[in-house]
Amino acid sequence: MGVPNEQGCIFCSIVRKDSPAALVHEDQETLAFLDLFPLTRGHLLVVPRRHVDRLTDLPEGEYPGLLRAVSAVCRKVERLSTHYNVSMNQGALAGQIVFHLHVHVIPRYEGDNAFGRRPRERLSETEAAALLKELG
Ligand code: 5GP
Ligand code: ZN
């Protein structure tokens with residue numbers, strides 16, 4: 001750690017536990033939590049603890065840890081749906097808003113219109129609690 005950008009980074013703040021998040025997975029190198037403005041029910045983010053903007057900035061030695069965490073989170077998401085997207089937005093033009101590397105795991109449901117144009121509702125505390133139970 002120690003990249004200049006980590007100051008003011010919301011995901012670093014979640015990693016430090018300075019900001020709240022509904023955590024579903026935690027290990028030495030990574031953290032996974034519910035997206036605050038989910039595209040579908042159970043939309044999750046997997047982040048390395050280390051602050052880097054994007055995958056190509058992550059030391060290669062940390063690739064396996066990240067992929068292992070993504071897989072563990074996918075296994076949990078399969079309790080909600082066996083259909084899901086695993087994706088990364090790299091760069092503003094690709095839709096990246098938070099410049100701390102993260103992998104989206106987005107459960108898919110029949111007719112969910114996940115990537116359609118519509119306002120994204122903020123995750124409620126009640127829904128987050130229900131999801132944490134279901135995800136185990
Ligand atoms: P990006 O567009 O950068 O790939 O995705 C960033 C994601 O982070 C978005 O889906 C957005 O809803 C989510 N997000 C932004 N701020 C917060 C936050 O403070 N907490 C959580 N849990 N998710 C956030
Ligand atoms: Zn960060």
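Data table
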item: Residues of the range 82-108 satisfying the condition of being outside any strand (DSSP E or B), under 14 Å from residue 40 (Cα atoms) and not basic (Lys, Arg); result: 82, 83
item: Residue within the range 10-29 that is in contact with a Gly (Cβ under 9 Å, 6 or more places away or on another chain), of a type in the set (Ser, Thr, Tyr) and within 16 Å of ligand 2 (Cβ to nearest atom) present; result: no
item: Count - residues of the range 1-51 that are of a type in the set (Val, Ile, Thr) and closer than 12 Å to residue 105 by Cβ; result: 4
item: For residue 98: the one exception among (1) surrounded by 15 or more Cβ atoms within 10 Å (Cβ to Cβ); (2) of a type outside the set (Gly, Ala, Ser); (3) closer than 16 Å to residue 21 by Cα; result: (1)
item: So residue 48, is it more than 13 Å from the chain's Cα centre (by Cα), under 26 Å from residue 120 (Cα atoms) and modelled with pLDDT of 95 or more; result: no
item: Any hit, the range 115-123, residues being over 26 Å from residue 28 (Cα atoms) and among the hydrophobic types (A, V, I, L, M, F, W, C); result: yes
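The values are calculated or read from the model by the stated rules, or taken from the named source; none is laboratory data. Note that this is a predicted model, so its numbers are computed, not measured. Counting neighbours? That spans all protein chains shown, and the Cβs are built from the backbone with ideal geometry, glycine included.
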